[in-house]
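Novice: Shown below is the structure under consideration.
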Amino acid sequence: MLKLLLSDIKMTFRNRQYAFWAIMFPLLFTFMFGFFFGDKATTGGNVILINRSDTPIAKNLEQVLKDNSMFKINTDVTDENAAKDQIQKNKAAAALIIPPDFGAMKSDAPKQVKVIDDPGNATTNTILFGFLNQYFTNLTFQSAGIKGPIYSVDEEKTNPKELNYFDFVLAGILGLALMNSSIISIAVGMSKYREDKILKRITTTPMKTWWFITGEILSRLVMNFLQVTIILLIGRYLFHAHIYGNIFVIYALALLGAVLFQLLGFVIASFVKTTDAAQGAATAITIPMMFLGGVFFPIDTLPKWLFSIVQYLPIAPLLRMIRSTVLEGASPFVNPVNLAIIFGWIVVCLAIATWRFRLSEE
Amino acid sequence: MEKVIEVKDLVKKYGNFTAVDGISFDVNQGEIFGLLGENGAGKTTTLEMIEGLRKLSSGQITVLGQDVSKGPKNETKEKIGVQLQSSAYYQFLTLKEIIDLFGSFYQKSLPADQLLKIVDLLDKTNSMVGNLSGGQKQRFSIVASLVNDPEIVFLDEPTTGLDPLARRNLWDLITEIKKKGKTIILTTHYMEEAEVLCDRIAIMDKGKILKMGETHKLIEGTKNPYKISFITEKLSQDQYGNLAKLGQIENLAGKSNHFEMHLKTQVNLNKAVDIIQKQNPESLTVGRASLEDLFIELTGRAIKE
């Protein structure tokens, strides 16, 4: 039995296709999202600042902009036309020009700053205008001698911890990696074994079928463990993701999910006849789950009727649990419905696989 | 002689289709028993029912004294070695690793080196199956079925798709296995292979056994056990007529100077040879009928590849 497990692990790591889905594919996503949304990334993009005024107000505005994490402020460009050129070449998202004498205490001093923007870059425009309006409103109040605005928003976050989109998507990538590698590798692997008659050959030996299947599952769990470790390490230390939950709970949830996805792989393998069909069926199942299961965006923004269906997809409750653990440090037992859905799927898949999956034909 | 496999009234049905239609045969200890027939004759289905890979519709199978009609017990599986038709092995393990792994499934097993040496694959010990040639793969597949030092070896079409030289190599290998005292049951659709290798054969067609017995006796028992093949430029109408009276004569494959005769008796054979020799033939071969002749006689057709 030990020999079978060791051989299975050896094969798992020698299989380049599987290694790609298991390690490279999720890494690709981690880096992609890490660079876009990770700690070092700025949501507002690059903004060119040309400050021609040296009044305290202008200096203060420049400092506030530079201190702000929403934009990356570039003061290297000093010429308006050069700024326009940079925006057209997509090297900068917008340019802010503070005219000479802006904020000076004299009546003919300019009262307006100029923004050159790219209409295609709506996010930057919204954030920049919002930021400037807020700043100038406060400035106006101060100039008028009023202490702060009368009406304001009292923001209460459901989660008081510091979080960003990358933290949200990292948990998604974790689930995606487990799902893709497990479903595809079991479905394709088992079909290939059947095509090569390895399953049949094993039936002629005294080796018990369920030992064989246990070996296949365990060896992949070793790979899953590695996947989770790599994704978390890179997310945490390269892109400074925030991980608040208990690391053991995260691993336990991930491996539970991996078992479910492997069983799904067995279900596919028990229905398809060829390796190609297995590949197709596995892709047909994983791609919709990737988008509808909440990997990249919260699924409660979907139309209500669609949400009421997709919230039960196998990956959805898994991601909900992993997220509440990673982001809030909550226990998965806080919302036992998620666990119930997962175990429900496990029971269903196990039943179908036991009923349909055969090592050899009749 | 001790019977190691006994098959009685074996039937396998798939819906309305009867793949194996009530066949019975025994395999004796130490012999090579061949199931001969075309693709679809039911050979593999029969073999796989004995191996425990397919369920029986009805009938009884006994292997080494154990009833395996409802699937073999581990005790039986320990003593049989199976090579499956056109099977492959694990892609990502070396030959040695595969043999060690399969060996670990059994209580007793032979070391990988010893097995690979038999099939001359010692230098490929650390190669993957994908790097072997067709003949090497097949040799490996056969030797992998010997990993538990079995008493009975099942070989399903062991030489299909191989070139003639690789096929002969495999015949030597199978003969070696027989010499170790093992019983071999194999399927084939190559007449020559069955003739060379098998002590006894059962000719199968459409799920039934048409004829069974010792290979040489079956051939001798054909209606025309003698065969003459000769090449001569001139053969007059008269002489052709005389020959035709002694047995069946035909032009071979459209060559006007190449003839083949099938004869019933030794007397006729002698007479025909006399007539032909007077023609000073370029070539004259006298032989006995082959298994192929018997097969054509039984089924009315030759096996197409």
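Let's see how each residue does on (1) touching a Phe, Trp or Tyr at 6+ places or on another chain (Cβ under 7 Å); (2) on the phi < 0 side of the Ramachandran plot; (3) at pLDDT 80 or above:
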{"site": "A:PHE71", "(1), (2), (3)": "no, yes, no"}
{"site": "A:ALA83", "(1), (2), (3)": "no, yes, yes"}
{"site": "A:GLN112", "(1), (2), (3)": "no, yes, yes"}
{"site": "A:GLY148", "(1), (2), (3)": "yes, no, no"}
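Novice: If you scan region A:284-298, which residues turn out to be farther than 22 Å from A:PHE271 by Cβ and surrounded by fewer than 21 Cβ atoms within 10 Å (Cβ to Cβ)?
Specialist: Applying the first criterion (farther than 22 Å from A:PHE271 by Cβ) to region A:284-298 yields A:291, A:294-298.
Result: A:PHE291, A:PHE296, A:PHE297, A:PRO298.
Novice: Could I ask something else about it? For region B:193-209, check the following and say yes or no: at least one residue is out of contact with any strand residue (DSSP E or B) (no Cβ under 8 Å at 6 or more places or on another chain) and at positive phi.
Specialist: Scanning region B:193-209, I find no residue that is out of contact with any strand residue (DSSP E or B) (no Cβ under 8 Å at 6 or more places or on another chain) and at positive phi, so the answer is no.
Novice: Shifting gears a bit: Can you tell me which residue in region A:212-238 is surrounded by the most Cβ atoms within 10 Å (Cβ to Cβ), limited to those that are among the polar types (S, T, N, Q) and farther than 17 Å from A:ALA171 by Cβ? Before you say what the answer is, go through the steps one by one.
Specialist: Filtering region A:212-238 down to residues among the polar types (S, T, N, Q) leaves A:214, A:219, A:224, A:227, A:229.
Filter once more, so that each one left must be farther than 17 Å from A:ALA171 by Cβ: A:214, A:219.
Details: A:THR214: 15, A:SER219: 20.
This residue is A:SER219.
Novice: Do we have B:LYS79 as more than 7 Å from every other protein chain (Cβ to nearest Cβ) and in contact with a Pro (Cβ under 8 Å, 6 or more places away or on another chain) here? Spell out how you get there, then give the answer.
Specialist: On the way: more than 7 Å from every other protein chain (Cβ to nearest Cβ): yes; in contact with a Pro (Cβ under 8 Å, 6 or more places away or on another chain): yes.
Considered against the rule, which asks whether it is more than 7 Å from every other protein chain (Cβ to nearest Cβ) and in contact with a Pro (Cβ under 8 Å, 6 or more places away or on another chain), B:LYS79 comes out as yes.
Novice: Residue check: is B:GLU6 among the charged types (D, E, K, R), within 20 Å of B:ILE184 (Cα to Cα) and at pLDDT 95 or above?
Specialist: On the way: among the charged types (D, E, K, R): yes; within 20 Å of B:ILE184 (Cα to Cα): yes; at pLDDT 95 or above: yes.
When the stated conditions are applied, B:GLU6 passes them.
Novice: Separate question: So, in region B:67-76, how many residues would count as being among the acidic types (Asp, Glu) and more than 9 Å from every other protein chain (Cβ to nearest Cβ)?
Specialist: Within region B:67-76, the subset among the acidic types (Asp, Glu) is B:67, B:75.
Add one more test, that the residue is more than 9 Å from every other protein chain (Cβ to nearest Cβ), and what stays is B:67.
Final tally of qualifying residues: 1.
Novice: With the structure loaded, tell me whether B:SER133 is at the interface with chain A (Cβ under 8 Å from one of its Cβ atoms), surrounded by fewer than 18 Cβ atoms within 10 Å (Cβ to Cβ) and modelled with pLDDT under 90 or whether it fails that test. Don't jump to the end; show me each part of the working.
Specialist: Details: at the interface with chain A (Cβ under 8 Å from one of its Cβ atoms): no; surrounded by fewer than 18 Cβ atoms within 10 Å (Cβ to Cβ): yes; modelled with pLDDT under 90: yes.
In short, no.
Novice: Restricting to region A:310-331, count the residues that are of a type outside the set (Ser, Thr, Tyr), touching a residue at least 40 places away in the same chain (Cβ under 8 Å) and surrounded by fewer than 21 Cβ atoms within 10 Å (Cβ to Cβ). Walk me through it before giving the result.
Specialist: Filtering region A:310-331 down to residues of a type outside the set (Ser, Thr, Tyr) leaves A:310-311, A:313-323, A:326-330.
Those still in the list that are touching a residue at least 40 places away in the same chain (Cβ under 8 Å) too: A:314-315, A:318-319, A:321-323, A:326-330.
Still in the running and surrounded by fewer than 21 Cβ atoms within 10 Å (Cβ to Cβ): A:327-330.
Number of matching residues: 4.
Novice: While we're on this one: I'd like the residue in region A:163-202 that is farther than 25 Å from A:ALA254 by Cβ and among the hydroxyl-bearing types (Ser, Thr, Tyr) and, out of all such residues, is farthest from the other protein chains (Cβ to nearest Cβ).
Specialist: If we take residues in region A:163-202 being farther than 25 Å from A:ALA254 by Cβ and among the hydroxyl-bearing types (Ser, Thr, Tyr), then A:SER191 is farthest from the other protein chains (Cβ to nearest Cβ).
Novice: Identify, please: which residue in region A:1-16 is among the basic types (Lys, Arg) and within 12 Å of B:GLN91 (Cβ to Cβ) and is, among those, farthest from the chain's Cα centre (by Cα)?
Specialist: A:LYS10
Novice: Now for a separate question. Would you mind finding the one in A:GLN262, A:GLN279 that is closer than 16 Å to A:LEU176 by Cβ, touching a helix residue (DSSP H, G or I) at 6+ places or on another chain (Cβ under 6 Å), assigned to a helix (DSSP H, G or I) and away from chain B (no Cβ under 14 Å)? Quick ask: steps written out before the conclusion?
Specialist: On the way: A:GLN279 fails: closer than 16 Å to A:LEU176 by Cβ.
Testing whether each residue is closer than 16 Å to A:LEU176 by Cβ, touching a helix residue (DSSP H, G or I) at 6+ places or on another chain (Cβ under 6 Å), assigned to a helix (DSSP H, G or I) and away from chain B (no Cβ under 14 Å) leaves just A:GLN262.
Novice: Within region A:289-347, can you find the residues that are under 19 Å from A:MET179 (Cβ atoms) and of a type in the set (Ser, Thr, Tyr)? Steps first, please.
Specialist: Narrowing region A:289-347 to residues under 19 Å from A:MET179 (Cβ atoms): A:289-299, A:302, A:309-326, A:332, A:338-339, A:341-347.
Those that are under 19 Å from A:MET179 (Cβ atoms) and of a type in the set (Ser, Thr, Tyr): A:TYR312, A:SER324, A:THR325.
Novice: Answer yes or no as to whether A:LEU65 is under 30 Å from A:GLY235 (Cβ atoms) and either modelled with pLDDT under 85 or touching a helix residue (DSSP H, G or I) at 6+ places or on another chain (Cβ under 8 Å) (or both).
Specialist: Numbers: under 30 Å from A:GLY235 (Cβ atoms): yes; either modelled with pLDDT under 85 or touching a helix residue (DSSP H, G or I) at 6+ places or on another chain (Cβ under 8 Å) (or both): yes.
Here the answer is yes, as A:LEU65 does meet what is asked.
Okay, residues lined up against (1) surrounded by fewer than 24 Cβ atoms within 10 Å (Cβ to Cβ); (2) of a type in the set (Gly, Ala, Ser); (3) part of a helix (DSSP H, G or I); (4) at pLDDT 90 or above:
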position: A:VAL169; (1), (2), (3), (4): no, no, yes, no
position: A:LEU174; (1), (2), (3), (4): no, no, yes, yes
position: A:LEU178; (1), (2), (3), (4): no, no, yes, yes
position: A:SER182; (1), (2), (3), (4): no, yes, yes, yes
position: A:ILE186; (1), (2), (3), (4): no, no, yes, yes
position: A:ARG194; (1), (2), (3), (4): yes, no, yes, no
position: A:LEU199; (1), (2), (3), (4): yes, no, yes, no
position: A:MET207; (1), (2), (3), (4): yes, no, no, no
position: A:TRP210; (1), (2), (3), (4): yes, no, yes, no
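Novice: In region B:86-96, what residues are in contact with a Ser or Thr (Cβ under 9 Å, 6 or more places away or on another chain), at negative phi and facing chain A (nearest Cβ under 8 Å)? Before the answer, list the steps.
Specialist: Our first condition is that a residue be in contact with a Ser or Thr (Cβ under 9 Å, 6 or more places away or on another chain); within region B:86-96, this holds for B:86-90, B:92-96.
Of the ones still in play, those that are also at negative phi are B:87-90, B:92-96.
Of everything in region B:86-96, those that are in contact with a Ser or Thr (Cβ under 9 Å, 6 or more places away or on another chain), at negative phi and facing chain A (nearest Cβ under 8 Å) turn out to be B:SER87, B:ALA88, B:TYR89, B:TYR90, B:PHE92, B:LEU93.
Novice: Right, another one. May I ask you to say which residue of B:ILE32, B:ILE61, B:ILE99, B:ILE118 is touching a residue at least 40 places away in the same chain (Cβ under 8 Å) and within 14 Å of chain A (Cβ to nearest Cβ)?
Specialist: Details: B:ILE32 fails: within 14 Å of chain A (Cβ to nearest Cβ); B:ILE61 fails: within 14 Å of chain A (Cβ to nearest Cβ); B:ILE118 fails: within 14 Å of chain A (Cβ to nearest Cβ).
That would be B:ILE99, the only listed residue that is touching a residue at least 40 places away in the same chain (Cβ under 8 Å) and within 14 Å of chain A (Cβ to nearest Cβ).
Novice: Considering every residue within region A:203-218, establish whether at least one is out of contact with any Leu (no Cβ under 7 Å at 6 or more places or on another chain), farther than 25 Å from A:GLN279 by Cβ, away from chain B (no Cβ under 14 Å) and among the β-branched types (Val, Ile, Thr).
Specialist: Checked against the condition, which is being out of contact with any Leu (no Cβ under 7 Å at 6 or more places or on another chain), farther than 25 Å from A:GLN279 by Cβ, away from chain B (no Cβ under 14 Å) and among the β-branched types (Val, Ile, Thr), region A:203-218 yields no hits at all.
Novice: Given the structure, is A:LYS91 in a loop (DSSP other than H, G, I, E, B) and exposed (fewer than 12 other Cβ atoms within 10 Å of the Cβ)?
Specialist: When the stated conditions are applied, A:LYS91 does not pass them.
Novice: Here's something else I'd like to know. Find the residue count for region A:58-88, including only residues that are within 31 Å of the chain's Cα centre (by Cα), of a type in the set (Lys, Arg) and surrounded by fewer than 16 Cβ atoms within 10 Å (Cβ to Cβ). Before the answer, list the steps.
Specialist: Restricting attention to region A:58-88, the residues satisfying the condition of being within 31 Å of the chain's Cα centre (by Cα) are A:64-74, A:86-88.
Still in the list and also of a type in the set (Lys, Arg): A:66, A:72.
Remaining after also requiring surrounded by fewer than 16 Cβ atoms within 10 Å (Cβ to Cβ): A:66.
Of the residues in that region, 1 qualify.
Novice: Of the conditions (1) modelled with pLDDT of 90 or more; (2) more than 22 Å from B:THR125 (Cα to Cα), B:MET191 satisfies every one except a single condition; which number is it?
Specialist: With respect to (1) modelled with pLDDT of 90 or more; (2) more than 22 Å from B:THR125 (Cα to Cα), B:MET191 is out only on (1).
Novice: Follow-up. Just to check your reading of the model, which residue among B:GLN248, B:GLN239 is over 24 Å from B:THR222 (Cβ atoms), at pLDDT below 85 and of a type outside the set (Lys, Arg)? Steps first, answer last, please.
Specialist: Values: B:GLN248 fails: over 24 Å from B:THR222 (Cβ atoms).
Selected residue: B:GLN239, the only one of B:GLN248, B:GLN239 that is over 24 Å from B:THR222 (Cβ atoms), at pLDDT below 85 and of a type outside the set (Lys, Arg).
Novice: Among the residues of region B:35-55, which ones are away from chain A (no Cβ under 14 Å) and closer than 20 Å to B:GLY213 by Cα? Give the derivation first.
Specialist: Start the filter on region B:35-55 by keeping residues that are away from chain A (no Cβ under 14 Å), which leaves B:35-43, B:46.
Matches in region B:35-55: B:LEU35, B:LEU36, B:GLY37, B:GLU38, B:ALA41, B:GLY42, B:LYS43, B:THR46.
Novice: Select from region B:112-143 the residues that are of a type in the set (S, T, N, Q) and not in a helix (DSSP H, G or I) and write down the one among them that is farthest from the chain's Cα centre (by Cα). Please lay out each step first, then the result.
Specialist: In the first step, residues of region B:112-143 are kept if they are of a type in the set (S, T, N, Q); the result is B:114, B:125-127, B:131, B:133, B:136, B:138, B:141.
Remaining after also requiring not in a helix (DSSP H, G or I): B:125-127, B:133.
Numbers: B:THR125: 29, B:ASN126: 32, B:SER127: 30, B:SER133: 22 Å.
By that ranking, first place goes to B:ASN126.
Results for (1) more than 14 Å from chain B (Cβ to nearest Cβ); (2) in contact with a Ser or Thr (Cβ under 9 Å, 6 or more places away or on another chain); (3) more than 28 Å from A:PHE271 (Cβ to Cβ), shown as yes or no for each residue.
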site: A:MET321; (1), (2), (3): yes, no, yes
site: A:VAL326; (1), (2), (3): yes, no, yes
site: A:ALA330; (1), (2), (3): yes, yes, yes
site: A:PHE333; (1), (2), (3): yes, no, yes
site: A:ALA340; (1), (2), (3): yes, no, no
site: A:ILE346; (1), (2), (3): yes, no, no
site: A:LEU350; (1), (2), (3): yes, no, no
site: A:ALA353; (1), (2), (3): yes, yes, no
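Novice: Going residue by residue through region B:169-179, is there one that turns out to be surrounded by fewer than 21 Cβ atoms within 10 Å (Cβ to Cβ), closer than 20 Å to B:SER290 by Cβ and in contact with a Phe, Trp or Tyr (Cβ under 7 Å, 6 or more places away or on another chain)?
Specialist: No - not one qualifying residue is present in region B:169-179.
The values are calculated or read from the model by the stated rules, or taken from the named source; none is laboratory data. Here the structure is a predicted model, which means the values were calculated and not measured. Cβ sites come from the backbone with ideal geometry, for glycine too, and all protein chains shown count toward neighbours.
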